[in-house]
Amino acid sequence: MRNFRKAALAGATAVAVAFGSTAVATAAPVKDDTNKSVTTITLAQAEANVDKTKAEAEQAEKTLEAAKKANETAQQQAEDAKKATGILNDAAEKSEAEAQKAGATQAVKDKATADRKLANDAKARQTDAEKLRDAAVEDLKNAQADLKKKKDAYQDAKKVRDDILKTQEIERIEKDNKGIDVYKDGVNSKDSDYAMGYDVFGKNKNHDQTPTWAVSLYGATWFLVASAIAGLVVGPLYNFIVHGPVKF
């Protein structure tokens with residue numbers, strides 16, 4: 001008797017949970033302002049635009065990485081040129097000081113002139129390196145701005161594509177005479193907070209564009225149904241075989 005009661009209680013609980021899961025999965029807040037975005041392009045064009053802007057964004061990322069490396073190289077070269085200029089300038093000043101001493105030979109004076117020329121050449125190279133560094137910094141800024149622009153274009157293209165899919169889904173539901181009282185922006189998305197009961201449990205299911213949590217709940221519902229059957233049928237049958245007829 002005790003075992004039968006436990007089995008019956010377990011079965012009833014499973015049934016309650018199963019129906020509760022179904023109610024949660026099919027319920028969604030009512031919203032009147034369904035998506036009203038208007039577009040004049042086809043779904044195929046929207047998909048092509050998504051692919052195009054995605055490729056452009058990926059290329060922009062590569063360009064940015066290259067710009068970062070070029071900037072690092074230019075910064076290092078400018079720093080090295082500055083150090084070289086300092087060393088050669090110090091050497092030139094030392095040679096010039098020797099040349100100005102009384103009794104300095106022509107060779108000493110020639111060396112001072114040569115050292116000063118080396119220092120001046122180094123200064124010119126430093127100036128060129130700094131110009132390249134500044135250009136690399138500007139290229140980096142442009143690459144960063146271009147990447148942001150391309151990413152925004154990619155997101156916009158996806159939004160247009162999703163709007164078209166949503167419009168088509170509304171038309172499909174209306175054509176099937178299923179109503180859209182619980183339809184909400186983002187229903188046709190794997191990461192949506194809402195699900196269309198018709199898409200989850202309907203005759204023509206649409207799990208490909210149904211939120212992951214709703215699909216999981218759909219599977220859990222069948223599991224709970226199986227548990228309910230086990231609790232209401234298999235459990236009592238087991239008790240009958242093992243313990244005999246129920247005595248009230």
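Coordinate-derived values only; no laboratory data. Please read all numbers here as calculations on a predicted model, not as lab measurements. FYI the Cβ positions are ideal-geometry reconstructions off the backbone, even for glycines, and counts take in every protein chain you see.
In this structure the amide hydrogen of T210, modeled in the peptide plane, comes within under 5 Å of no amide hydrogen from residues 5 or more places off or on another chain. Measuring r between the beta carbons of A124 and Q144 and using R0 = 41 Å, the FRET efficiency lands at 0.85. In plain terms, the chain from R172 to K101 could stretch by 15.7 nm, reckoned as 0.36 nm per residue minus the Cα-Cα distance.
Need the C-alpha centroid separation for region 126-148 versus region 199-234, integer Å. Centre-to-centre (Cα) distance: 57 Å. Remark: the Cα gyration tensor places region 89-180 in the prolate category, a/c being 1.5 or greater and a/b exceeding b/c.
Here the 3J(HN,Hα) profile of region 45-55, calculated from phi with Karplus coefficients 6.51, -1.76 and 1.60 at θ = phi - 60°, is 5, 5, 4, 5, 5, 4, 4, 5, 5, 5, 5 Hz, Gly and Pro shown as x. Mind giving me the FRET efficiency for A55 and H207? R0 is 41 Å, r the Cβ-Cβ distance, nearest 0.05 is fine. The value I calculate is 0.90.
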